[in-house]
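Working notes, structure below.
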Amino acid sequence: MKFGAGGRRWLVAVAAVAVLGTSACGGGAAQGGDASVTKDGVTTYKMGVAMALSGSQAALGQDFVTFVKYGVEDANKEYKKDGFQIDLVTEDTAGTADVGLKAFNKLASIEQAPVVFTAWSAVVKAMAPASKDVGVALINSGANSPELEGAGENLRNFFPLASNDVAAVSTYMAEHEKKKRAAIIHVDNATGQGAAEVYKKSFEKAGGEIVATESIRQDAVDASAQVAKVLAAKPDTIHVHALLGEAPVIFKALREQGSTVPLTTYAGLGEAVAVRTASGAAMDGLIYTTLANTSPEDPKIASLVERFKKEKNREPAGLSYDVYMYDSAFFFAELIKGIRAADKPVTGENILKAIDDTDSFPLPLQRSTEFTDTGIVRKQVILKKIGTTADNPARDKAIATIEP
């Protein structure tokens, strides 16, 4: 890594850790080691992927895995000439820390994958210490809590954190939209807590005041009390940072209590078709961040979306995240290629070293990505505004571009 984490201006346009014992790891099996298999001159490497495939977050998680599969299929075609292939192995995290840790343990101990790609901040936070214990590289490909920066020696954040996009939207609302009084409603876990703190610091730095902050438990079915308290503080903008389960409850409560205050959020909610459908007109006019660093009009993305629609008969959820999921397979392939060129085994340790020693990684959708010296990436932030939730998210209007 060749540059630091901060110093650039924004321009507007877990709980207890379950440690794997020797019995779980098969005694002498190398933890985080090279469990590759070579046949007919082609070596296969396991890519562990742990996503929410059940529960309230499954609408995103299942689509995430689909796009990882697309990436693996396409990467295998491209890199077969280099003498290797990727074997995708997946586990369900349900979007929670405890289930996520079990999924990680299975991928590390039973599958012996040298790397695990995952998402959801609470899940990543729970896995980070365990990844060090067993020597597996942990890659965050879809969680944004700022707490994840430096959260573990074996963690690298392939997906940008809230210190990137939430800071951008809060500053935009204060400086460009001239809002002076903001309120925050956030889910009471790692996803919401860190983002709320980033929003507060950035909004206040830009000259605004946070007049109310309310939390809501994950998958809550009522937000009327939190919304009433927030509206009583008379904010002129409200930022909502929640997950799929409770988000529609918040948005509908705001509408039911007569709020006309401009709303902001992040792509995880703004692009989520399930949230838009459940929230209806309550999300009309909402501004959200997107970090895809590309657009649905890109021919490569358009082709993937059409492939998805043909298979699933619907639009994909969270397209900004799907871009990272697809690219993650090529990211892993580039790591494998570099490690093999150095005549080293593809272990967790060597994967992490390759990330730290490489200036930039070429990617098919994002073009390239670079890690800072604290294991994060910084990306261009595009702010989009929902006209009507009845429209496809691809039709949402881009209103500003913010460079890191």
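The values are calculated or read from the model by the stated rules, or taken from the named source; none is laboratory data. Bear in mind the structure is a predicted one, so any value in this text is a computation, not a measurement. Every residue, glycine among them, receives a Cβ derived from its backbone with ideal geometry; neighbour counts consider all protein chains shown. Please note that ligands, DNA and RNA were not included when accessible areas were found on the heavy atoms of the full protein model with its side chains. Shrake-Rupley method; radii C 1.70, N 1.55, O 1.52, S 1.80 Å.
Key figures
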quantity: Placed amide H near PHE158: partners under 5 Å, 5+ positions off or other chain; calculated: ASN140
quantity: Potential extension, LYS310-ASP357 segment - 0.36 nm per residue separation minus Cα distance; calculated: 12.9 nm
quantity: Table column - 3J(HN,Hα) (Hz), region 319-326, Karplus curve with 6.51, -1.76, 1.60, x for Gly and Pro; calculated: 4, 4, 6, 4, 4, 5, 5, 4
quantity: Surface share of carbon and sulfur [accessible, 1.4 angstrom probe, percent] for the chain; calculated: 49
quantity: Region 278-333: radius of gyration and largest Cα-Cα distance (Dmax), Å; calculated: 13.4, 43
quantity: Directionally averaged projected area (convex hull, Cα atoms, the chain), nm²; calculated: 18.6
quantity: Rh (Kirkwood; distinct C-alpha pairs) - region 197-244, Å; calculated: 11.9
quantity: LYS312 accessible area, assembled protein chains, probe 1.4 Å, Å²; calculated: 90
quantity: Amide H contacts of HIS239 (H built 1.01 Å from N, under 5 Å, at least 5 apart or other chain); calculated: ALA183, ILE184, ILE185, THR264
quantity: Residues in region 42-70 reached by a label modelled at ASP87 [backbone nitrogen below 18 Å; 7 Å Cα→Cβ]; calculated: 42-50, 69
quantity: Shape parameters for region 307-404, alpha-carbon atoms, Rg then Dmax in Å; calculated: 17.4, 54
quantity: Counted charge near ARG276, where neighbours are those whose Cβ lies closer than 14 Å (Asp, Glu -1; Lys, Arg +1); calculated: +1
quantity: Within-14-Å neighbourhood charge of TYR70 [Cβ basis; K, R +1; D, E -1]; calculated: -1
quantity: Neighbourhood charge, 11 Å Cβ-Cβ cut-off, centred on ILE386 and excluding it, Lys, Arg +1 and Asp, Glu -1; calculated: +1
quantity: For region 82-90, 3J(HN,Hα) per residue [Karplus equation, 6.51 cos²θ - 1.76 cosθ + 1.60, θ = phi - 60°, Hz, x = Gly/Pro]; calculated: 8, x, 8, 9, 10, 10, 7, 10, 10
quantity: Cα-based convex hull volume of region 244-347 per residue, rounded to whole Å³; calculated: 144
quantity: Spacing of the two label points (7 Å from each Cα toward its C-beta) at VAL37 and LYS80, in nm; calculated: 1.8
quantity: Accessible area expressed per residue, the chain, with surrounding protein chains retained (probe 1.4 Å, Å²); calculated: 39
quantity: Globularity index of region 94-233, i.e. its alpha-carbon radius of gyration over 2.2 N^0.38 Å; calculated: 1.21
quantity: Sites matching GluC sites (Glu not before Pro) across region 247-326 that sit in DSSP coil, with at most 15 neighbouring C-beta atoms within 10 Å; calculated: GLU297
